[in-house]
1. Hey, any hits in the range 225-248 for a residue that's at positive phi, without any contact (Cβ under 8 Å) to a residue 24 or more places away in the chain and either assigned to a helix (DSSP H, G or I) or out of contact with any helix residue (DSSP H, G or I) (no Cβ under 8 Å at 6 or more places or on another chain) (or both)?
2. Tell me whether the range 59-82 contains one or more residues that are over 22 Å from residue 173 (Cα atoms), touching a residue at least 40 places away in the same chain (Cβ under 8 Å) and surrounded by 21 or more Cβ atoms within 10 Å (Cβ to Cβ).
3. Which numbered condition trips up residue 130, out of (1) farther than 22 Å from residue 163 by Cβ; (2) in a loop (DSSP other than H, G, I, E, B)?
4. Suppose we filter 97, 115 for residues that are within 10 Å of the ligand (Cβ to nearest atom), farther than 18 Å from residue 165 by Cβ and part of a loop (DSSP other than H, G, I, E, B); which single one remains?
5. Of everything in the range 258-309 that's part of a loop (DSSP other than H, G, I, E, B) and in contact (Cβ under 8 Å) with a residue 12 or more places away in the chain, which residue is nearest to residue 203 (Cα to Cα)?
6. Just the residues that are within 14 Å of the ligand (Cβ to nearest atom), crowded, with 17+ Cβ neighbours inside 10 Å and at negative phi, please, taken from the range 83-94.
7. For residue 123, which of the numbered conditions (1) crowded, with 22+ Cβ neighbours inside 10 Å; (2) within 13 Å of the ligand (Cβ to nearest atom) fails to hold?
8. Regarding residue 290, is this residue modelled with pLDDT of 95 or more and crowded, with 21+ Cβ neighbours inside 10 Å?
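The values are calculated or read from the model by the stated rules, or taken from the named source; none is laboratory data. Here the structure is a predicted model, which is why all the values come from computation and not from measurement. Positions of Cβ are backbone-derived with ideal geometry, glycine not excepted, and every protein chain shown enters the neighbour counts.
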Ligand SMILES: [Zn+2]
């Protein structure tokens with residue numbers, strides 16, 4: 001789905017210095033199970049659970065970086081079971097053309113111990129307990145493709161309602177959203193469920209031209225191999241109260257044909273993006289899935305370390321701040337001088353829930 005034209009009353013977004021934003025699509029098996037079933041990426045999911053999340057949280061802590069974790073809602077669960085024989089009857093099924101059978105046919109209706117690639121409540125808790133505040137956002141409940149014609153408004157609402165309810169049970173108010181497969185759709189539903197922003201597609205110049213898909217892929221490959229600076233962005237008001245914070249660059253995995261692309265190309269582009277953000281007072285918005293670090297993990301983590309070191313150096317010189325997606329939007333809504341320590345307000349916690357109240361803007365520019 002293409003983004004609709006901006007509303008006439010779109011606000012001007014201004015920044016007082018460059019911003020580094022990192023968003024992570026955390027989905028375990030849900031991101032691929034509709035295409036490949038549960039077997040193909042099971043190993044990568046187990047590496048993600050057992051190795052990647054801890055290392056990533058350690059690296060974010062070391063460099064004082066608040067990231068936005070857009071988490072599939074099913075991962076807030078530690079178990080699920082059929083309800084009168086129906087799996088997740090609260091979700092109105094999508095009708096994606098490539099799916100035969102029930103959308104939840106692969107859901108094991110088991111527990112995190114039995115089927116750890118489908119559940120992640122212990123990991124959500126781990127992210128919440130990171131000493132550097134990490135924003136918890138959403139990536140839909142079951143990775144329904146919002147931008148596909150098979151996802152009705154009713155399906156989108158049912159997915160978002162489930163996410164909001166499960167997050168609230170853990171004391172979390174969801175503000176940021178990443179669309180499954182990055183295909184934007186049902187923006188009105190986002191606003192209705194209290195979301196303030198989403199990550200839109202990367203605004204490459206060639207995406208705005210009427211070019212065949214293979215030409216666009218070639219142009220993207222050209223950007224990668226020439227280590228071209230990725231786009232740096234400013235948020236757009238896509239709907240009243242709902243901002244598009246476009247991505248700048250995907251930190252792509254060492255997998256498939258892309259394993260032949262040297263790590264230095266990824267790092268080089270990211271460093272150019274950070275420099276551009278600082279020079280032009282814009283946002284460099286890096287994103288990936290934690291699963292993307294599972295292959296050749298040591299090298300992929302070393303690349304991230306180099307990127308974070310460069311961001312930290314720019315920040316220490318007062319040229320860049322680091323902010324999660326909700327921090328960018330809150331700062332715009334409340335004003336530059338706003339004290340963000342109380343924003344966004346957490347949802348009312350249930351018994352025993354962990355409440356996240358700290359919000360750090362991490363701005364050292366103003
Ligand atoms: Zn389930």
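1. Scanning the range 225-248 turns up no residue that is at positive phi, without any contact (Cβ under 8 Å) to a residue 24 or more places away in the chain and either assigned to a helix (DSSP H, G or I) or out of contact with any helix residue (DSSP H, G or I) (no Cβ under 8 Å at 6 or more places or on another chain) (or both).
2. Among the residues of the range 59-82, not one is over 22 Å from residue 173 (Cα atoms), touching a residue at least 40 places away in the same chain (Cβ under 8 Å) and surrounded by 21 or more Cβ atoms within 10 Å (Cβ to Cβ), which makes the answer no.
3. (1)
4. Numbers: 97 fails: within 10 Å of the ligand (Cβ to nearest atom).
Among 97, 115, only 115 is within 10 Å of the ligand (Cβ to nearest atom), farther than 18 Å from residue 165 by Cβ and part of a loop (DSSP other than H, G, I, E, B).
5. 282
6. Of everything in the range 83-94, those that are within 14 Å of the ligand (Cβ to nearest atom), crowded, with 17+ Cβ neighbours inside 10 Å and at negative phi turn out to be 87, 91, 93.
7. (2)
8. For residue 290, the condition - modelled with pLDDT of 95 or more and crowded, with 21+ Cβ neighbours inside 10 Å - is met.
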